[in-house]
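The structure appears below as structure tokens.
Just so it is clear, none of the values below were taken in a lab; they were calculated from the coordinates. Fair warning: this is a prediction, and the values are worked out from it, not measured in the lab. Glycine also receives a Cβ, built like all others from the backbone with ideal geometry; neighbour counts cover every protein chain displayed.
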Amino acid sequence: MKQATIKRTPTPAERKRFQAALAETNIEQERAFWNPIVDQLRGQADIDSAVDLLKAVRVSQGVSLRTLEETAGIPRGNISRLENHKNTPDFETLQKYAAALGKVVRVVVVDQ
């Protein structure tokens, strides 16, 4: 038998943390810069590992998919497909997901 999911709404502190992280980011500027790069790297960059890390944070914080949906504004089905590696997120989606958990996604380019 499937265990019931505890439903909760984001706390004021969680909402504030999300809004602060979102305010720090110019989504349109970031999207214009990173999406073409991510498109070029698709299949090479390990975006799945970033999603796995974010999922681990979500689970460790006890945040349900419903709460993440409400806080990040990403439909629950989309989150589930990302976490199960059925869809590849764009950079904006990764940022929203991370911001809802009080995290920031950063891309670092280094010489090998």
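Numbers at a glance
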{"item": "Neighbour-count order for ARG58, ARG106, ARG81, fewest beta carbons within 10 angstrom listed first", "result": "ARG106, ARG81, ARG58"}
{"item": "Residues LEU65, LEU53, sorted so that the one with the fewest Cβ neighbours within 10 Å comes first", "result": "LEU53, LEU65"}
{"item": "Within region 13-100: Cβ-based charge dipole about Cα centre, in debye rounded to nearest 20 (Lys, Arg +1; Asp, Glu -1)", "result": "340 debye"}
{"item": "Distance cut-off 18 Å, percentage of C-alpha pairs in region 13-100 lying past it", "result": "43 percent"}
{"item": "Added length on full extension, which subtracts the Cα-Cα distance from 0.36 nm per residue, ASN87 to VAL109", "result": "5.5 nm"}
